[in-house]
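The values are calculated or read from the model by the stated rules, or taken from the named source; none is laboratory data. Bear in mind the structure is a predicted one, so any value in this text is a computation, not a measurement. Please note: Cβ atoms are built from the backbone with ideal geometry, for glycine as well, and neighbour counts cover all protein chains shown. Note: accessible area is taken over every heavy atom of the protein model, side chains too, but ligands, DNA and RNA are not part of it. Shrake-Rupley method; radii C 1.70, N 1.55, O 1.52, S 1.80 Å.
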Amino acid sequence: MIDDLDLGFDEPERGEKGRHRRSFRKRKGGSGGGRGKTFLALLMALLLLGGIGGGAFYGFDRIQNYFVTPDYDGAGSGEITVEIKNGALLADMADALVAADVVKSQKAFIEAAEANSRSKNIQPGTYKLRKQMSGASAVTAMLDLKNKIVNGLTIPEGRTSKNIYKLLSDKTKIPVKEFEAAAKDPEALGVPDWWFKRDDGKKVVKSIEGFLYPDTYEIPPKATAESILKLMVDNFLSVTGEMKFADRVQKERGGVSPYEALIVASLAQAEAGNKDDLGKVARVAYNRVYGEFDCNCLEMDVTVNYWLELTGKPTKTSAEMNQSELLDTTSPYSRKLRGLIPTPINNPGKPALEGAMDPPVGKWLYFVAIDKQGHSAFAETYEEQKRNEAKAKEAGVI
């Protein structure tokens, strides 16, 4: 009798995150009725266990779970918020829901999601859900935008950390001083120690500047200053990791550390008036500091403005800066400082990072904006630069 029973199981396949997923096949001429087969299989298993002895019934729950997906019934009760992180797979979403007791098992959610063609539309973010929902109810709820808590904030490229704290404070009502306090220890926020390595012999200054990646963020309802900054740092690490930023800089930039390249990316972000010029401006910075420029200094007004902001003074246009500010050699962000400045001067976006990681080849030492769209002309000599400046004046740019 047992030999004639075909329970219809194929070999296990690998599913999400390496878990086994069972594949079912119909018997030839059979209807494929899942409930009848499941009941028969359970009955036979119980009979077998009964023959072994009453003590074997401790394994009944395990056998039942093997054949039947553990799941709650209905739409659940109460209210709970669950965060789905960026890049989460179905298995990751299921883990978060199980941990919050929204669904009974990972399998219940994954099976319901796979059965719903719209489940691919579930987005990262924070959801208002109920406890003890069926897998299908949880999927339906997460596809309903009314259940998604929208609290987004866009951080533009090139903002300084001080400016970012103000934007975050305005949105969350968390005081700026709490962001400043959290930012004092970048490593506690997730910046690895190896990022603060310099190959130019300069003293390392550990600053959060440069690591607060510009993007649109969903701010969780009970977020703290520390948790928000950690979210931004984590995003920076993900983006630069996908770009292989550190690896490529170390292999291709000839003695420039990833931190120095991050400083250059921030300079390009501040100086370039158009995204098309980010890589060229980065090349100018490299050529001035590491090449045959007279003083091996940056001579970029944006570093002066960063120091003014750090010290609580109003920033200025180049035309407004006086000679003492332009020629100051006491500031750590002086235009005349030999080599690179101590830290990045803002938080650059991906195009600026790409420009610093892989700048175009060129011997440019100068540049000037020549049109109202922010495009610049680049020059290798000061004489050529003067001609470009004349074009800029004709265009009414300077």
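Please enumerate the residues belonging to segment 110-139 that are open to solvent by less than 20 Å² (accessible area, probe 1.4 Å), over 27 Å from the mean Cα position of the chain (by Cα) and not aliphatic (A, V, I, L, M). Of everything in segment 110-139, those that are open to solvent by less than 20 Å² (accessible area, probe 1.4 Å), over 27 Å from the mean Cα position of the chain (by Cα) and not aliphatic (A, V, I, L, M) turn out to be S134, G135. Give me a count of the residues in segment 268-301 that are under 20 Å from D371 (Cβ atoms) and without any contact (Cβ under 8 Å) to a residue 12 or more places away in the chain. Residues meeting the conditions: 0. I need the full set of residues from segment 333-367 which are of a type in the set (A, V, I, L, M), part of a loop (DSSP other than H, G, I, E, B) and open to solvent by less than 10 Å² (accessible area, probe 1.4 Å), in order please. If the condition is that a residue be of a type in the set (A, V, I, L, M), part of a loop (DSSP other than H, G, I, E, B) and open to solvent by less than 10 Å² (accessible area, probe 1.4 Å), then L340, I341, I345 are the ones that fit.
Counted as qualifying within segment 116-234 are the helices (runs of 4 or more DSSP H) with 2 or more residues that are under 25 Å from D92 (Cα atoms), namely 135-143.
Regarding segment 217-239, can at least one residue be identified that is exposed (fewer than 13 other Cβ atoms within 10 Å of the Cβ) and within 19 Å of N347 (Cβ to Cβ)? No - not one qualifying residue is present in segment 217-239.
For segment 85-109, the candidate set comprises residues that are touching a strand residue (DSSP E or B) at 6+ places or on another chain (Cβ under 6 Å) and not in a helix (DSSP H, G or I); within that set, the residue that is surrounded by the most Cβ atoms within 10 Å (Cβ to Cβ) is V102.
Of all the listed residues (E252, E218), the sole one being charged (D, E, K, R), under 23 Å from S169 (Cα atoms) and touching a residue at least 24 places away in the same chain (Cβ under 8 Å) is E218. Taken together, the criteria exclude E157 from residues that are charged (D, E, K, R), more than 19 Å from the chain's Cα centre (by Cα) and under 23 Å from G312 (Cα atoms).
Flag: V239 matches the condition of being part of a helix (DSSP H, G or I), touching a residue at least 60 places away in the same chain (Cβ under 8 Å) and within 26 Å of L340 (Cβ to Cβ).
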